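Chemist: Please read through the structure below; I'll follow up with questions.
Nothing in this text is a laboratory measurement; each read-out follows from the coordinates by a stated rule. Remember, predicted model here, so these are calculated numbers, not experimental data. Don't worry about glycine lacking a Cβ; one is built from the backbone with ideal geometry, like all the others, and counts go over all protein chains shown.
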């Protein structure tokens with residue numbers, strides 16, 4: 001039984017998932033808006049917010065949604081999404097794309113446990129750990 005990250009956004013889920021699909025070469029990008037829900041309340045009828053979205057990244061699935069219309073919700077804190085890459089060049093490229101308009105927390109570099117490792121908060125406020133699989 002896999003553990004799947006589920007990220008909540010404050011109105012920019014569609015942009016974030018589309019960005020992640022591009023950064024990671026994701027497939028099977030799916031999004032359902034609150035407005036498309038069967039028997040959606042009146043407050044949801046014109047909402048562009050995402051009720052559920054997901055994208056396949058390698059052999060995993062990243063799931064996400066916006067908070068419902070009218071709910072502010074909390075910004076993401078206290079967790080990171082870990083993504084490994086098969087080689088340093090691929091990992092560096094992912095790190096660089098996530099860093100664009102984001103904040104580097106720990107610069108991408110070799111460490112004693114990985115030939116390439118870095119931590120970044122992307123432009124959507126999500127913390128990522130990018131690591132090359134040692135081998």
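Chemist: Considering only DSSP beta bridges whose two residues both sit in the stretch 81-132, what percent are antiparallel, to the nearest 5? Write out the running numbers ahead of the final one.
Modeler: Details: 9 of 14 bridges.
Restricted to the stretch 81-132, the bridges split so that about 65 percent are antiparallel.
Chemist: Next up: For 81, 89, 120, which order do you get if you count the other beta carbons within 10 Å of each Cβ and list the fewest first? Before the final figure, lay out the partial values.
Modeler: Values: 81 18, 89 11, 120 25.
Listing 81, 89, 120 from fewest to most nearby Cβ atoms yields 89, 81, 120.
Chemist: Taking other Cβ within 10 Å of each residue's Cβ, how do 79, 112, 95 sort, fewest first?
Modeler: Ranked by crowding around the Cβ, least crowded first: 112, 79, 95.
Chemist: Right, here's the next one. Taking the alpha-carbon centroid of each part, what is the distance from the stretch 63-90 to the stretch 1-51 in angstrom?
Modeler: 12 Å
Chemist: Angle between the Cα long axis of helix 13-24 and the longest principal axis of the chain, 0 to 90 degrees, nearest 10?
Modeler: 30 degrees
Chemist: Can you give the helix-only mean residue ellipticity at 222 nm for the chain, where every DSSP H stretch with n ≥ 4 adds -39500 (n - 2.57) and the sum goes over all residues, rounded to the nearest 500 deg cm²/dmol? Can you show the working numbers first?
Modeler: On the way: 2 runs with 24 residues, N = 135.
Value at 222 nm, helices only, nearest 500: -5500 deg cm²/dmol.
Chemist: Tell me, Kirkwood radius of the stretch 1-47 from alpha-carbon pair distances, in Å?
Modeler: Values: mean 1/r = 0.0790 Å⁻¹.
Averaging 1/r across every pair of different Cα atoms and inverting gives 12.7 Å.
Chemist: Which residue fluctuates most in the GNM of the chain (Cα springs below 10 Å): 42, 100, 14?
Modeler: Evaluated over the chain, the most mobile residue of the options is 42.
Chemist: Follow-up. For the chain, take the longest principal axis of its alpha carbons; what is the angle in degrees between that and the long axis of helix 88-99, to the nearest 10 within 0 to 90?
Modeler: The angle comes out at about 40 degrees.
Chemist: How much FRET efficiency would the formula 1/(1 + (r/R0)^6) give for residue 46 and residue 4, where r is the Cβ-Cβ distance and R0 is 30 Å, rounded to 0.05? Present the calculation step by step, with values, prior to reporting the outcome.
Modeler: On the way: r = 30 Å, r/R0 = 0.99.
Working from the Cβ atoms, E equals 0.50.
Chemist: Using Cβ contacts closer than 10 Å as the measure, can you line up 82, 1, 119 from fewest to most? Walk me through the numbers on the way to the answer.
Modeler: On the way: 82 13, 1 3, 119 19.
The order, fewest Cβ neighbours first, is 1, 82, 119.
Chemist: Follow-up question, since we're still on this one. Given the Cα atoms of the stretch 1-108, and with Rh set as the inverse mean 1/r over their pairs in the Kirkwood sense, what is Rg to Rh to two decimals? Please report the intermediate quantities before stating the final value.
Modeler: Numbers: Rg = 15.3 Å, Rh = 15.2 Å.
That ratio is 1.01, to two decimals.
Chemist: If you wrap the stretch 81-132's Cα atoms in a convex hull and average its projection over all directions, what's the area in nm²?
Modeler: Numbers: hull surface 11.8 nm².
Projected area, direction-averaged: 2.9 nm².
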